[in-house]
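Since the structure comes first, as structure tokens, the remarks are kept for the end.
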Amino acid sequence: MAREKESDLSKRSVDPAAQQMLQRAEELGVSTAFSRAEAMAPCNIGGAGMCCKMCGMGPCRLTKDGATGVCGATIDVIQARNLVRMIAAGAAAHSDHGRGMAMTLKATANGHAEGYYIRDVAKLRTLAAHYGIPIEGRSPNEIANDLADLYLAQFGQQEGEVVLISRAPAKRQKLWRELGVVPRGIDREVVECLHRTHIGDDQDMEHLLQQAVRTALADGWGGSMIGTDISDILFGTPAPIVGQANLGVLRRDMVNVVVHGHEPTLSQMIVAASMDPEIIAYAQAAGAKGVNLAGICCTANEILMRQGIPAAGNFLQQELAILTGAVEAMVVDVQCIMQALVSLAQKFHTEIITTSPKVRIKGAVHIEFEESKALTIAKQILKRAIDNYKNRAEPRIPDVREDLIPGFSHEYINYMLGGTYRASFRPLNDAIMAGRIRGAAAIVGCNNPRSPHDYLHTYVTKELLKQDVLILETGCGAIASAKAGLMVGEAGLEHVGPGLREVCEAVGIPPVLHVGSCVDNSRILTVLTQMVAEGGLGDDIDQIPAVGLAPEWMSEKALAIATYCVASGAYVIFGGASPVSGMPDRVSDSDLVLRYLSEGWERLYGGKLEFINDPDEMIRRTLEHIDKKRAALKLPAYDPSRFGRSGDRRVLELEALPLAQRRAALYGVEV
Ligand code: NFS
């Protein structure tokens, strides 16, 4: 019986901390997303994108060959419309986050944001110069004001091109112009998705999906990139820092405040407030040693990679953090916040505090965040959490945590490879060209209780490392790897392929680079663009031996990310179910859209999106794609036997040899 229980838990999560809390949920008889997913069978018609409820004549469920909706809509159009709306919602979420950041930058530049200042003046000046904003002889605030105005204008722009597109490789920009997918304005593209998918509008699958691409590009090379740029300017461009991850970062002797959501504006202020002597004294007066901050989801990534604030976990751990009984307050802003938190928190002493004017949850405390009083509000929230400390019962904190080194911004990757005076992607390109690094994979995205928590992320990551694939990670995928101990510098290198290991040891990096939050997938676009600019790997992103994977995706944002990556030239593999999977066993043309996302998009953009369930097949296709791209570039075929014996390792090997053999090995002749 006990063994059965254990295996049940491992089917739900591979994370021992999560397993302990799931056990506790069962003991207490409370539900979690894990148990609710088991109780709720997904609808196979809606799941396949074949249910249309865009007007009051339906909902129309298309389950037979040749069936149409009441209006005559065919299966492919219905599936495409559903997908377009999901991508629009994802792009809207990211981009509205970017808008918020631009408004904070504007307020900061004009002295209207309490506690904020411009931390990365160099990045501000570099970006401003790229857009032709005058920088010489001007103060950071003056430049920031102009950059904020330029970025804010991208949202309401009606004609022309979103300016951030100019940061893509020239060949890619040209292709987008030819295909008519350059976004005109961020809001305009999202609105047009809603318009085109209204009853009786755009009814051509390919034309609908062209607008999906344009909208997704307005996210990746628009809203998300704005979010990343401004977060760096205001809070600092990340560089490696030591951090920790998993529920074991919660402290018995401190007031635990978990920040959860996405926008760094409030969480950064809470970080500052938690170090304020007034707050520390207040916590000590309440019998605690101080305030311990921890993050969940992408808010976790934002403060982890900049200040080393620990991450309590990823998406599926938000409820599990409350189940520890050690959280005084969970402070949430926007996105990926489960409504179930409130009813769960009521069983403990935890307070759920909503802070965004956009997000309220019935039963939660609402303390609205305003930039003009940011620090004051952050202190108010912390004092409230401290006041709640006395209500804590005996906590059950899993003693599970891992160290990691996050903070690999594209600026830092550039710097670490070349040094201060020769910052360059040349060593990375050279390592790929030589075959020391076989290729690169970006493993990103969510958790989904439809597959064991963290299993696909960590399995695929570990297997690709053995194959000398350098991994870049963001979002909840990055937290999964952090918890699995894959981001601790040289500690895990014995499981890494020989060539990649040499590079990691030479440069002093972990083989899995934590690149940030989900909006920071824009950093990956920048890395790819800089690799193209460096030379030797073709003249566009689609030629680089690289693949993007989201093995446990669940959010609409993930679909927007997939789409802009494909349109930028990447092969993207998603695990789990496709939202347009169709039912080919019952309806013969129900996979038209699915095929178009793969074959159709590859013809147009050189990138494609595929949904693959089996992790070994994901790995096989990733490697196949990387090797295909290597061959197209006429690079040497991947051969791990050529590497792994350079540097100190080689010296140690040579020293162990008798003199004559050592000379022979060194000089190729018996001396
Ligand atoms: Ni990305 Fe970050 Fe996580 Fe998925 Fe949600 S937190 S924005 S959407 S679940 S990775």
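The values are calculated or read from the model by the stated rules, or taken from the named source; none is laboratory data. Computed from a prediction, not measured in an experiment: that's the story for all the values here. We place every Cβ from the backbone using ideal geometry, glycine too, and count neighbours over all the protein chains shown. Side chains are part of the model used for accessible areas, which takes the heavy atoms of the whole protein and leaves out ligands, DNA and RNA. Shrake-Rupley method; radii C 1.70, N 1.55, O 1.52, S 1.80 Å.
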request  = State whether the residues of the range 482-501 include one that is within 16 Å of the ligand (Cβ to nearest atom) and under 23 Å from ASP219 (Cβ atoms).
outcome  = no
message = Looking at the range 460-469, can you tell me whether even one residue there is assigned by TED's automatic domain parsing to the domain that holds GLU556, within 16 Å of the ligand (Cβ to nearest atom) and open to solvent by less than 10 Å² (accessible area, probe 1.4 Å)?
response = yes
note = Within the range 556-582, restricting to residues that are among the aliphatic types (A, V, I, L, M) and away from the ligand (no atom under 15 Å from the Cβ), the one that is surrounded by the fewest Cβ atoms within 10 Å (Cβ to Cβ) is ALA577
task = Considering only residues that are open to solvent by less than 80 Å² (accessible area, probe 1.4 Å) and under 19 Å from ASP201 (Cα atoms), look in the range 42-55 and name the one that is farthest from the chain's Cα centre (by Cα).
result = CYS55
query = Taking interchain pairs and intrachain pairs at least six residues apart, which have beta carbon atoms under 6 angstrom, with the first residue in the range 331-344 and more than 13 Å from ILE296 (Cβ to Cβ) and the second within 14 Å of the ligand (Cβ to nearest atom) and part of a helix (DSSP H, G or I)?
reply = LEU344/GLU319
ask   = Which residue, of ARG24, ARG85, ARG36, ARG81, is under 24 Å from LEU217 (Cβ atoms), under 30 Å from the mean Cα position of the chain (by Cα) and surrounded by fewer than 23 Cβ atoms within 10 Å (Cβ to Cβ)?
value = ARG85
query = Would you pick out the residues in the range 121-132 that are over 16 Å from LYS106 (Cβ atoms) and open to solvent by less than 30 Å² (accessible area, probe 1.4 Å)?
reply = LYS123
ask   = Quick one: which of ASP585, ASP589, ASP627 is more than 18 Å from LEU175 (Cβ to Cβ), without any contact (Cβ under 8 Å) to a residue 12 or more places away in the chain and more than 16 Å from the ligand (Cβ to nearest atom)?
value = ASP585
note = Given (1) under 30 Å from ASP539 (Cβ atoms); (2) open to solvent by 10 Å² or more (accessible area, probe 1.4 Å), ILE437 misses just (2)
message = Contact list please: Cβ distance under 7 Å, first residue in the range 511-531 and outside the structural domain of LEU127 (by TED's automatic domain parsing) and open to solvent by 10 Å² or more (accessible area, probe 1.4 Å), second residue within 16 Å of the ligand (Cβ to nearest atom) and among the charged types (D, E, K, R), pairs at least six apart or on different chains.
response = CYS518/LYS557
request  = For the range 418-426, state whether one or more residues are touching a Leu at 6+ places or on another chain (Cβ under 7 Å) and within 18 Å of CYS297 (Cβ to Cβ).
outcome  = no
inquiry  = When you check GLN203 against the structure, is it surrounded by 14 or more Cβ atoms within 10 Å (Cβ to Cβ) and either hydroxyl-bearing (Ser, Thr, Tyr) or in a loop (DSSP other than H, G, I, E, B) (or both), yes or no?
reply    = yes
query = For the range 598-626, how many residues meet the condition of being under 26 Å from GLN211 (Cβ atoms), touching a strand residue (DSSP E or B) at 6+ places or on another chain (Cβ under 6 Å) and of a type in the set (Ser, Thr, Tyr)?
reply = 1
query = Out of (1) closer than 23 Å to ALA288 by Cβ; (2) open to solvent by less than 20 Å² (accessible area, probe 1.4 Å); (3) not in a helix (DSSP H, G or I), what's the single condition that is false for ILE397?
reply = (2)
ask   = Restricting the search to the range 138-169, which residues are touching an Asp or Glu at 6+ places or on another chain (Cβ under 9 Å) and either free of Cβ contacts under 8 Å to residues at least 12 places away in the same chain or not assigned by TED's automatic domain parsing to the domain that holds VAL190 (or both)?
value = ARG138
query = Across the range 206-230, what is the number of residues that are more than 20 Å from ALA93 (Cβ to Cβ) and either charged (D, E, K, R) or in a loop (DSSP other than H, G, I, E, B) (or both)?
reply = 1
query = Of all residues in the range 453-480, how many are touching a residue at least 60 places away in the same chain (Cβ under 8 Å), touching a helix residue (DSSP H, G or I) at 6+ places or on another chain (Cβ under 7 Å) and in a helix (DSSP H, G or I)?
reply = 13
query = Hey, any hits in the range 331-338 for a residue that's among the polar types (S, T, N, Q), at pLDDT below 95 and outside the structural domain of GLY477 (by TED's automatic domain parsing)?
reply = no
request  = Could you grab the pairs with beta carbons closer than 7 Å, sequence gap of 6+ or different chains, first residue in the range 18-31 and more than 14 Å from ASP399 (Cβ to Cβ), second one of a type in the set (S, T, N, Q)?
outcome  = LEU22/SER13; LEU22/THR32; ALA25/THR32
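Taking into account only those residues within the range 542-555 that are farther than 23 Å from TYR455 by Cβ and open to solvent by 10 Å² or more (accessible area, probe 1.4 Å), which is farthest from the ligand (Cβ to nearest atom)?
Filtering the range 542-555 for residues that are farther than 23 Å from TYR455 by Cβ and open to solvent by 10 Å² or more (accessible area, probe 1.4 Å), the one farthest from the ligand (Cβ to nearest atom) comes out as GLN543.
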query = Looking only at the range 502-541, which residues are within 16 Å of the ligand (Cβ to nearest atom) and touching a Cys at 6+ places or on another chain (Cβ under 6 Å)?
reply = SER517, CYS518
task = Return only the number of the condition from (1) under 23 Å from ALA480 (Cβ atoms); (2) assigned to a helix (DSSP H, G or I); (3) touching a Lys or Arg at 6+ places or on another chain (Cβ under 8 Å) that ARG36 does not satisfy.
result = (3)
remark   = The lone condition ARG603 fails out of (1) within 16 Å of the ligand (Cβ to nearest atom); (2) out of contact with any helix residue (DSSP H, G or I) (no Cβ under 7 Å at 6 or more places or on another chain); (3) at pLDDT 95 or above is (1)
request  = Filter the range 237-264 down to the residues that are polar (S, T, N, Q) and open to solvent by 10 Å² or more (accessible area, probe 1.4 Å), then identify the one that is farthest from GLU302 (Cα to Cα).
outcome  = GLN244
